[in-house]
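Notes follow once the structure below has been shown.
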Ligand code: PPE
């Protein structure tokens with residue numbers, strides 16, 4: 001998806017011009033993948049752009065860094081402020097927000113202990129991640145031939161730069177085979193998540209989503225969806241899913257900051273009813289919640305200014 005430039009990018013405390021936000025080719029993370037990032041959305045509201053669950057995203061950035069043993073030289077509050085400043089500087093009513101902490105220029109080699117940690121926050125307009133009609137028509141999913149990495153290989157619970165090699169391999173494989181998105185299985189064969197979303201499947205009326213231990217990122221949208229679904233009166237559980245659970249599911253949807261709530265119409269060419277009534281109801285409330293239109297979830301929306 002092509003990037004539309006915005007005026008400024010926050011780098012280590014300053015807002016710099018978009019074209020000046022550059023790194024050296026010997027930037028450590030560019031070579032070894034040891035970095036952490038977030039994906040956040042700011043939505044248009046009557047009071048200006050509201051950043052959805054901003055503090056929780058920044059807290060996860062710090063947890064991801066903690067898993068890597070990386071020390072971010074800013075506080076959570078400072079990065080929250082940096083995100084707000086960057087969003088406000090774009091003048092856009094809504095945008096995607098990408099904080100990134102990385103080992104910068106100055107050291108080479110696998111020992112990250114002496115490396116400097118740099119932080120940047122960029123924003124740009126980003127449309128529907130899985131297509132404008134992802135909720136109505138649903139997306140075609142393929143179980144990937146690539147296995148989600150094991151906890152002792154690369155920590156899937158951390159949103160690290162390097163983890164996305166695995167996701168990109170799966171995504172491109174699925175696209176080349178004519179599907180929209182890939183479902184990743186953990187090394188034990190259970191469902192983990194998708195290349196860039198968490199997954200939910202309905203079996204016997206119960207909405208199920210795999211836990212962190214199955215190799216899923218602890219998705220903030222996943223958490224929002226579980227809260228909304230329970231408030232709608234649905235039975236929601238964090239539990240393992242087998243491949244066959246997906247083939248015979250009554251409904252499947254995937255969710256993430258970028259993808260929001262997207263319905264699934266098939267898995268490996270086995271059709272799934274789509275969009276199911278629960279998916280539709282949850283997506284509708286989610287769409288209002290992110291725009292600060294539902295008082296029950298107003299505390300999830302942080303105004304940029
Ligand atoms: N799993 C993965 C692997 C993942 O990348 C995401 C977000 C999620 C689950 C959902 O997490 P959350 O956004 O907290 O609900 N994927 C980001 C897109 C990655 C990309 O750059 O492409 C996102 O949705 O922002």
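Each value in this text was obtained by applying a stated rule to the coordinates, not by laboratory testing. Because the structure is predicted, anything quoted here is derived from the model rather than measured. In this analysis, Cβ positions are derived from the backbone assuming ideal geometry, glycine residues included, and neighbour counts consider all displayed protein chains.
With contributions of -39500 (n - 2.57) from each DSSP H run of at least four residues, the per-residue ellipticity at 222 nm computed over the chain stands at -8000 deg cm²/dmol.
Going from the fewest other Cβ atoms within 10 Å to the most, the residues 180, 19, 14 appear in the order 19, 14, 180. Note on residue 85 and residue 291: the model spin-label points, each 7 Å out from Cα along the C-beta direction, lie 3.1 nm apart. Only alpha carbons enter this Debye calculation for the range 139-289, each as an equal point scatterer, and the log10 of I(q)/I(0) it gives at q = 0.08, 0.20 Å⁻¹ is -0.19, -1.26.
D for the range 8-124, whole µm²/s, Stokes-Einstein with Kirkwood Rh over alpha-carbon pairs at 25 °C and 0.890 mPa s: what number?
Numbers: Rh = 14.6 Å.
In µm²/s, the coefficient rounds to 168.
By per-residue mean of other Cβ atoms within 10 Å, what is the highest-first order of 219-226, 238-245? Working shown, then result.
Working: 219-226: 22.0, 238-245: 15.2.
The packing order, highest mean first, is 219-226, 238-245.
For the range 64-115, what number results from the quotient of the Cα radius of gyration and 2.2 N^0.38 Å? Scaled against compact globular proteins, the figure is 1.45.
As a ratio to 2.2 N^0.38 Å, the alpha-carbon radius of gyration computed for the range 46-90 takes the value 1.28. In the range 267-305, which residues have a backbone nitrogen under 18 Å from the label point lying 7 Å from residue 21's Cα in the Cα-to-Cβ direction? In the range 267-305, the label zone of residue 21 (backbone N under 18 Å from the point 7 Å along Cα→Cβ) covers 304-305.
Using the count of nearby Cβ atoms within 10 Å as a rough guide to exposure, how do 31, 57 rank from fewest to most? Intermediate values should be presented prior to the final figure.
Details: 31 13, 57 22.
The fewest-first ordering by Cβ neighbours comes to 31, 57.
The mean sequence separation of alpha-carbon pairs under 8 Å and at least six residues apart, normalised by the residue count of the chain, gives a relative contact order of 20 percent. Size descriptors for the chain: radius of gyration and Dmax over Cα atoms are 19.1, 56 Å.
For the range 1-48, the average shadow cast by the Cα convex hull is 5.3 nm², which is a quarter of the hull's surface. Computed from the Cβ-Cβ distance with R0 of 25 Å, the FRET efficiency linking residue 238 to residue 281 stands at 0.80.
Dividing the Cα radius of gyration of the range 174-229 by 2.2 N^0.38 Å, with N the residue count, gives 1.19.
So what is the relative contact order for the range 156-299, in percent, with contacts set as C-alpha pairs under 8 Å and at least six apart? Intermediate results must be reported in sequence, preceding the final value.
Details: 238 pairs, mean separation 27.3, N = 144.
This gives 19 percent for the range 156-299.
The mean sequence distance of close C-alpha pairs (under 8 Å, at least 6 residues apart), as a share of the length of the range 8-124, puts its relative contact order at 37 percent. From the alpha carbon centroid of the range 1-24 to that of the range 265-305 is 31 Å.
For the residues 185, 246, 30, a GNM of the chain with alpha-carbon springs under 10 Å puts the largest fluctuation on 30.
Just need log10 I(q)/I(0) for the range 153-193 at q = 0.31 Å⁻¹, Debye formula, equal scatterers on the alpha-carbon atoms, no solvent, rounded to two decimals. For the range 153-193 at q = 0.31 Å⁻¹, log10 I(q)/I(0) is -1.11.
Full extension of the chain segment joining residue 113 with residue 175 gains 18.5 nm, where the gain is 0.36 nm per residue of separation less the Cα-Cα distance. Roughly speaking, what is the centre-to-centre gap between the range 69-117 and the range 165-239 when only Cα atoms are used, to the nearest Å? The two parts, judged by their Cα centres, are 27 Å apart.
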